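Undergrad: Below is a structure I'd like to ask you about.
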Amino acid sequence: MTDVRVGSGIACDGYRESREPSSLSAVTVESSQPAGETFRVGVDVEIDANPGTVFDYVADLPRSGEWSPECRGGDWVSGQPAAVGSVFRARNHRRPDVVAWAPVVRGEWTTECEIVESTRPSAFRWAMRDRAGRRQQSVWSFELRPGAAGGTVLTHAFWMGELTEGMRGILAELDDAGRRRFVAEWAEKLRDDMETSANRIRAAVERGGR
């Protein structure tokens, strides 16, 4: 069974960045998260394979299309695959009915991320970049620890501190009530997507064996 946590104390904040906020940072939103933190979402799944094997799956970002509801895969555009500092360009697709009332990107688009931690077999994290190529406080991660009988507990987590370039643009188009509604519904959407990804990763790994 997948264990799902929203707003829990998952340690997905190993990446920190200090820089001046943009002129759009005046957009504010109320949430149940601590001050300076917009989202913190995580799911756990137990996988019948050792941590090293699971790590090799989740660090292979071009394979993301096999398990992600939105990412269709992509390519490494700089650096060595899965190495800290390397940049991955993802191809994404979002359906029209996803939080349908909100002004979010739909259809096809691309994003770039930078690997900020790659510690086999325990942790793999990447930070999303803005259009200028700067790392944002938007970090996705996989953490792995030994489970029962030689298996692995995989934690898939997402953390957003300061609002990202894209999130500021979305919230700028909404009133206060709309912002609160969007943050709540987006957290639910993130949780559902991450649970789907974790379960698909488990299925892929267990089909492939240890």
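The values are calculated or read from the model by the stated rules, or taken from the named source; none is laboratory data. Predicted, not measured: the structure shown is a model, and the values here were computed from it. So basically every Cβ, Gly included, is an ideal-geometry build from the backbone, and we count neighbours across all protein chains shown.
Undergrad: Given the conditions (1) assigned to a strand (DSSP E or B); (2) modelled with pLDDT of 95 or more; (3) not basic (K, R), which single one is not true for V4?
TA: (2)
Undergrad: May I pose another question? Which one of these does R72 not meet: (1) within 17 Å of the chain's Cα centre (by Cα); (2) of a type outside the set (D, E); (3) within 29 Å of T152 (Cα to Cα); (4) crowded, with 17+ Cβ neighbours inside 10 Å?
TA: Failing condition for R72: (4).
Undergrad: Which one is surrounded by the fewest Cβ atoms within 10 Å (Cβ to Cβ), of the residues in the range 48-69 that are polar (S, T, N, Q) and in a loop (DSSP other than H, G, I, E, B)?
TA: Taking the range 48-69 and keeping what is polar (S, T, N, Q), we get 50, 53, 64, 68.
Subsequent filtering for residues that are in a loop (DSSP other than H, G, I, E, B) retains 50, 68.
On the way: N50: 17, S68: 20.
Filtering the range 48-69 for residues that are polar (S, T, N, Q) and in a loop (DSSP other than H, G, I, E, B), the one surrounded by the fewest Cβ atoms within 10 Å (Cβ to Cβ) comes out as N50.
Undergrad: Which is without any contact (Cβ under 8 Å) to a residue 60 or more places away in the chain and either touching a helix residue (DSSP H, G or I) at 6+ places or on another chain (Cβ under 6 Å) or aliphatic (A, V, I, L, M) (or both), of M128, M167, M160?
TA: Working: M167 fails: without any contact (Cβ under 8 Å) to a residue 60 or more places away in the chain; M160 fails: without any contact (Cβ under 8 Å) to a residue 60 or more places away in the chain.
When all the criteria are applied, what remains is M128.
Undergrad: Just to check your reading of the model, which residue among E185, E206 is out of contact with any helix residue (DSSP H, G or I) (no Cβ under 6 Å at 6 or more places or on another chain) and closer than 26 Å to V104 by Cβ? Show your work before the answer.
TA: Numbers: E206 fails: closer than 26 Å to V104 by Cβ.
Answer to the selection: E185.
Undergrad: Those residues that are more than 13 Å from the chain's Cα centre (by Cα) and closer than 30 Å to D48 by Cα, I need them from the range 146-195; list them, please.
TA: P146, G147, A148, A149, G150, G151, T152, V153, L154, E188 - these are the residues of the range 146-195 that are more than 13 Å from the chain's Cα centre (by Cα) and closer than 30 Å to D48 by Cα.
Undergrad: Do any strands (runs of 3 or more DSSP E) entirely within the range 110-210 hold 1 or more residues that are among the hydroxyl-bearing types (S, T, Y) and in contact with an Asp or Glu (Cβ under 8 Å, 6 or more places away or on another chain), and if so, which? Can you show your working first?
TA: On the way: elements: 123-129, 135-146, 152-160.
Of the strands (runs of 3 or more DSSP E) lying wholly inside the range 110-210, those with at least 1 residues that are among the hydroxyl-bearing types (S, T, Y) and in contact with an Asp or Glu (Cβ under 8 Å, 6 or more places away or on another chain) span 135-146, 152-160.
Undergrad: Could you please let me know if M167 is in contact with a His (Cβ under 7 Å, 6 or more places away or on another chain) and under 25 Å from R134 (Cα atoms)?
TA: Details: in contact with a His (Cβ under 7 Å, 6 or more places away or on another chain): no; under 25 Å from R134 (Cα atoms): yes.
When the stated conditions are applied, M167 does not pass them.
Undergrad: So, V99, is that one within 24 Å of M167 (Cα to Cα), out of contact with any strand residue (DSSP E or B) (no Cβ under 9 Å at 6 or more places or on another chain) and surrounded by 14 or more Cβ atoms within 10 Å (Cβ to Cβ) or not? Steps first, please.
TA: Values: within 24 Å of M167 (Cα to Cα): yes; out of contact with any strand residue (DSSP E or B) (no Cβ under 9 Å at 6 or more places or on another chain): yes; surrounded by 14 or more Cβ atoms within 10 Å (Cβ to Cβ): yes.
Taking the combined requirement at face value, the residue satisfies it.
Undergrad: Do you know which of the residues in the range 123-145 that are within 12 Å of the chain's Cα centre (by Cα) and among the aliphatic types (A, V, I, L, M) is farthest from V45 (Cα to Cα)?
TA: M128
Undergrad: Give me a count of the residues in the range 185-199 that are within 15 Å of V139 (Cα to Cα) and of a type in the set (A, V, I, L, M, F, W, C). If you could, list the steps in order and put the result at the bottom.
TA: Start the filter on the range 185-199 by keeping residues that are within 15 Å of V139 (Cα to Cα), which leaves 187, 190-191, 194.
Restricting the remaining residues to those that are of a type in the set (A, V, I, L, M, F, W, C) gives 187, 190, 194.
Residues in the range 185-199 being within 15 Å of V139 (Cα to Cα) and of a type in the set (A, V, I, L, M, F, W, C): 3 in total.
Undergrad: Check V139, V153 and return the single one that is under 22 Å from A82 (Cα atoms), touching a residue at least 60 places away in the same chain (Cβ under 8 Å) and surrounded by fewer than 21 Cβ atoms within 10 Å (Cβ to Cβ). Don't jump to the end; show me each part of the working.
TA: On the way: V139 fails: surrounded by fewer than 21 Cβ atoms within 10 Å (Cβ to Cβ).
Step by step, each of V139, V153 is checked, and only V153 is under 22 Å from A82 (Cα atoms), touching a residue at least 60 places away in the same chain (Cβ under 8 Å) and surrounded by fewer than 21 Cβ atoms within 10 Å (Cβ to Cβ).
Undergrad: Working carefully through the options R120, R94, find the one that is more than 14 Å from the chain's Cα centre (by Cα) and either of a type in the set (S, T, N, Q) or surrounded by 15 or more Cβ atoms within 10 Å (Cβ to Cβ) (or both). First the steps, then the outcome.
TA: Details: R120 fails: either of a type in the set (S, T, N, Q) or surrounded by 15 or more Cβ atoms within 10 Å (Cβ to Cβ) (or both).
One residue alone meets the criteria, R94.
Undergrad: Inside the range 79-109, can you point out the residues that are part of a strand (DSSP E or B) and of a type in the set (G, A, S)? Give the steps one after another, and end with the answer.
TA: Going through the range 79-109, the residues part of a strand (DSSP E or B) turn out to be 87-94, 107-109.
Correct list: A90, G107.
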